[in-house]
Structure formats: C-alpha cells, structure tokens
Amino acid sequence: MNGTQTYASVAAARPRQRLTAVLARGRQRELACLGLLLVASSALPLVAPQLLRSFIDNAVGGGSMSLLSLLAGGFLVVSVAQHALTVVVGYASTHLAWVTTNALREEAARHALGLDLSFHDGHSPGELIERTDGDITALSSFVSSFVVNVAGSTLTLVGVLVVVLVEDWRVGLGMVGFVVVAAVTLGRLRNFAVPQATERRAAAATLFGEIEERLTGAEDLRANGGGAYAVGRFQHRLAFYIRASLRAALANRTMWLITGAVFAVGGVLSLVAGTILYQAGAISLGTVYLLFRYTSLLREPLEQVSEQQQVAQEAVAGFIRIQQLLDQQPSIRDGVRSSLPAGPLSLELDGVAFTYPNGAKALQDIDLRLEPAKVIGVVGHTGSGKTTLTRLLLRLLESTEGTVRIGDMDVRDVPLADLRRRVALVTQDVQLFEATVRDNLTLFGTYRSDDRDLVTVVNDLGLGPWYRDLPDGLDSMLGLGGIGVSAGEAQLLAFARVFLRDPGLVLLDEATSRLDPVSEERIERAVDKLLDGRTAVLIAHRLHTLDRADEILVLDHGRTVERDARQALLDTPGSRFASLLATAGEGVPR
C-alpha cells in the first residue's frame, strides 16, 4: 500500500481491534513457541519438591546411598534446567515484545503523521514523541515481563493446586480457598491505580512537550530575556508531574500493603495446617516439606502478580493513550478514483471557502480558473488567506465549501500520493535532515532518481561549486537541521527536490523572502527553470518576484478583491496591485 495513502483509507476499516491486531500480526508461530516454553518452565518447579520429598523420606527411612545420590543429582539437573529455561523464556519474551511493539510504534507514528494539521496544532512534538515512544515502551515492558511472569505463574499456580489436591484434599481445598480470596482481592485492586497512572503519563507527556518547546525557542528566549518565564513554566509543569507521580506511588503502595497482608495470612494458615497433619501422623516429614514448598510456590505467583501491578497499570494507561491516538481519524480521506494527467495541470477553485474549527474564516467564495502552464501571483496582507490557499491545493486542509479541481479533477477523488507527487510546495522554511545529500534530495528514496540525474539537477541550479566542495559527494552528511548549509543553498536544495519530482503544479510560498540579494538572484534563476512549462502559484512579499506572473489575485481577509492579467492591473490607475507595489516602495515595473 502506498505510504501517503496510508492511514486515511485504512484506519476507518480498523476500529478498536486494530491495536491488538498490530501486536499479534504475523507472530502466531513465535507466540506458540513462547507458550510451549512457558508451559515447560512452569512445570519444572513442580518436579524439584517431589525429588526432595523422596530424598527426605528415604534418608529418614534408611534408604541406600546410591538412591539418595541419584535423587540429589536429579534435583541438581532439574534446578539447572529450570534456571536455564527461565533465561530462554526471558530472552524470547523480550525479543518478541520489542519486535511487536516496534511495529506498533511505527503504526502509531505513521498514523500521527497522517492526522489533520489542527490535531498537530493542538499537540506539541514532545507530547507526540511521548505518545508514540514512551507509552509504547511501557506497553513493551508489559508484554516482556508482566505477560510472561503472570502467565507462567498462573500455570505454576494451577499445577500446585492440582498436585496438592492429589496429596491431601484438605490442604488442597484450603489452598484453593486462599487462591480465591487472593484472586478476588487482586481483581478488585486491578484498576485501583490506573487513573493515577494515566494522570502521571499525561503529565509526563505535557512536561516533555514543554521542554521541547522551550528548547526549540532557546535562542529567542535568551536573546529577549525570557529565561525566567521559561524556567517558571518548566517548574509549574514539573510540579504537576511530581504531584501526579506521588499520587500514583501512594496508590501503588496501598495496593502493596493490602496484598502483603493477604499473603501473610495465607502463609500462617499453611504452616498451621502442615503442623496439625504431621502431628496427627497423616503425612510424612517429606510430605510436610513438599506442602511447605508448594505453599511457597503458591505464594510466588501471587507475589508476581502483585509486583507486576505497576507495570500493568503503566501499560493499561499507555494502551488507553495509544488507542486514543489511533482512534483519532483524519478528516481528509484518500481519493481512489483517478490519477492526475501528465504535463502542466490546470487549476480551478469553484466557490471555495475554508473556516477553521474555532470559527475563524480564512477564505470565502474564491473563484479561479488557471490554464495549464500559466502562472498566477497571489498577494495580500498578512492573514489574507494566502498560505491557507496553498494548503487546500495540497489537501493539507479540506475546503469547507466549494470544490478544488486540479487537472480538471476534484482533488478529493485523487489519491493523496499522486496529488502530492504532482503538486509541489516550496516555502521559505526548508527542512534539511541529518542525513546524506542524496537522502535530503530524494527524501530518503521517496522520489527515486539515478545519481547522475541528482548531480545534473544540482549543477543546473547553480549548486555545482558547493557540491564539488563536499568531501563525499552525494554520500556527504549534512548536519542536524542543515548545519553548515547557507539559507540560499538550502533553498536551492528544496528546488532540487521539486525538479526530481517533475510536478505539473508548483506552489511557491514566500520562497525568497529571507535571502540576501546574491542568493536571491540564484533562486530567481532556479525559479525560471522550475516554472518553465509548469503551472504555478506564486505567493510573495517581495512583489517584484511576481514579474513572471501571467495573472494576479489579490486577497483581503480571505476574499478576492482583485483579479486580472498582471499587465492589465499595472495599467489600471488605482488598482490594488499597483497600490501594493507603491506601498512596498518597489514602483511599477516596466
């Protein structure tokens, strides 16, 4: 399935079952093998006490040294095998846990990337990192430790009860009663601390989000004296996290005290029962030890359940938060009907409007028809709706009214992968990754191209001298965020990405607004190459960059206030476009 198509079309078909389905997908054989290992590791603890009982009874009854040696050797072999099998089960469960939860981590990250911009506006990157990594790590700990320990302990517990019932039904029934009481107690406590654990994980996500936001703006905070405010906000979030952690710890400690009391009562009752039976001559000394040891084995599974409660609570809290993330559905559904035609694409807006969820109207009643290979410049003051328009064309946002057509096709009918391959956006904020030049140009192979084509594009855009100075050519690593690459070079690399896609519609959103004159000249030459034979929408604060536009669209508060051929607007006294040029001090171009 196409990576861009991804979740929009698939998530709706997977309701709440999808999280567990991701965990088990393709792992049935491994789960079966782990189950067999668990059965074996749970049965071995039942064998060693039987050998010791025989050893004690034979020693007391004057058994031969050879038999005693054989029993002792058997006990040693069983003990070593039990420990070895414990290691194998631990390794297998941990491996399986990480493999399965890594698949879930990938699924959650991909799903988050496919959600609407409004969702990301309301959730910081730090919070989403905690959701897709921290919560899933808690779930991984649950799968690797809680499931194995509790499943194995449960099998051991059942085995103990069966064996003890066979040995002495009275003691066996007493143990069954104790297990029932303990199970009811633990069952009532199962969700006792889940709300506190959920609150703690939510507080952790908020704290990480706060840290990420402050680190991102560290330079501005230092330059403008905002450090005290940032520290104050951090202390506030940290205090909330600490209080939530204390409440979670108090809930866990309360659970521990209650379960400890239950175990103490069970231990006392088992000692009393064994003493009475031995004094009555109903059981041998070896059987006394056997029952005592089985009582200890009975306690161990219950203690495992008790000790793993915190892991389970963290996992349940993480499970709930991951499920909440996966339950978030994008409003933009993938089109499946047809692909865009080759070559330059026409553009048409028919009564298009967009209103943000808070009720703010960004665009209203926009009508536009742009023929293939034509260029339109979009101008207007800040907040007039220019950037919103480009987001509608890429379906990063969905129009609330009207229809957007590209290549004479409703964009809602076009697969997102095809739309975003044939429509390219270049903004003033270029994102470069800590990766090779090749990966930065092809976006990690998303747009495949021969190395010779990559070098040709780089040279054609005026990056030849920069490329020749690279130590390893296309394999040279760029620093985090493009460290060591100038703003002009980064912008040209962004244009190179577009060339490799060969789109039919190009959107340039303030692509040259932050560049020095020398870099801007190189960018302008790149723009000329990029727009040759392509349809384009140009958004610019430097209005002279619209010299290549065939038409001009002037927006004001989301409405069209002027639209005509560029030269016609220049020749019209009092036109809004000519007025904007004069206000910007750029004059009327000749």
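Between residue 162 and residue 66, what is the label-to-label distance in nm when each label sits 7 Å out along the Cα-to-Cβ direction?
Result for the modelled spin labels: 3.4 nm.
Based on the Cβ-Cβ distance of residue 327 and residue 459, what FRET efficiency does E = 1/(1 + (r/R0)^6) give at R0 = 45 Å, to the nearest 0.05?
Working: r = 49 Å, r/R0 = 1.09.
So the FRET efficiency works out to roughly 0.40.
To make sure I understand the rule: partners must be lysines, Cα under 25 Å from the Cα of residue 374, and not fewer than 8 residues away in the same chain. Which ones qualify?
386, 529
For residue 431 and residue 36, what is the calculated FRET efficiency with R₀ set at 45 Å and r taken between the beta-carbons, to the nearest 0.05?
0.40
Check cross-link reach from residue 361 to the aspartates and glutamates: straight Cα distance under 15 Å, and skip same-chain residues fewer than eight apart.
Qualifying aspartates and glutamates at Cα under 15 Å: 398, 401, 556.
What list of ³J(HN,Hα) values in whole Hz, one per residue of segment 425-441 in order, does the Karplus curve 6.51 cos²θ - 1.76 cosθ + 1.60 (θ = phi - 60°) give from phi, with Gly and Pro shown as x?
10, 10, 10, 6, 9, 8, 9, 10, 10, 6, 7, 6, 4, 4, 5, 5, 6
Using the membrane-span-like helix rule (whole DSSP H runs, Cα extent along the own axis of at least 20 Å, mean Kyte-Doolittle hydropathy at least -0.5), which helices of the chain qualify?
In the chain, the long hydrophobic H runs are 28-60, 65-113, 148-167, 169-189, 194-216, 227-279, 285-307, 309-327, 487-501, 517-531.
What distance in nm lies between label points placed 7 Å from Cα along the C-beta direction at residue 280 and residue 261?
Taking the two extended label points, one gets 3.0 nm.
Expected output is a single nm value to one decimal: the length gained when fully extending between residue 572 and residue 79, i.e. 0.36 nm times separation in residues minus the C-alpha distance. What is it? Mind showing how you got there, number by number?
Details: separation 493, 0.36 × 493 = 177.48 nm, distance 9.66 nm.
Between residue 572 and residue 79, full extension yields an extra 167.8 nm.
When the Cα centres of segment 524-583 and segment 34-96 are compared, how far apart do they sit, in Å?
After rounding, the separation between the Cα centres reads 84 Å.
Amide H neighbours of residue 116 under 5 Å, at least 5 residues apart or on other chains, H built in the peptide plane: list them.
Under 5 Å from the amide H of residue 116 lie the amide H atoms of 331, each far enough along the sequence or on another chain.
For the pair residue 564 and residue 443, what calculated FRET efficiency results from E = 1/(1 + (r/R0)^6), where r is the Cβ-Cβ distance and R0 = 41 Å, to the nearest 0.05?
0.65
If I model a spin label as a point 7 Å beyond the Cα along the Cα-Cβ vector, how far apart are those points for residue 154 and residue 236 in nm?
Distance between label points: 4.6 nm.
Extension gain residue 292-residue 272, at 0.36 nm per residue separation less the Cα-Cα distance, in nm?
Fully extending the segment from residue 292 to residue 272 adds 6.1 nm.
Read-outs throughout are calculated quantities, based only on the coordinates presented, and are distinct from any laboratory measurement. Computed from a predicted structure; not experimentally measured. Glycine gets a Cβ as well: all are built from the backbone with ideal geometry, and neighbour counts include every protein chain shown.
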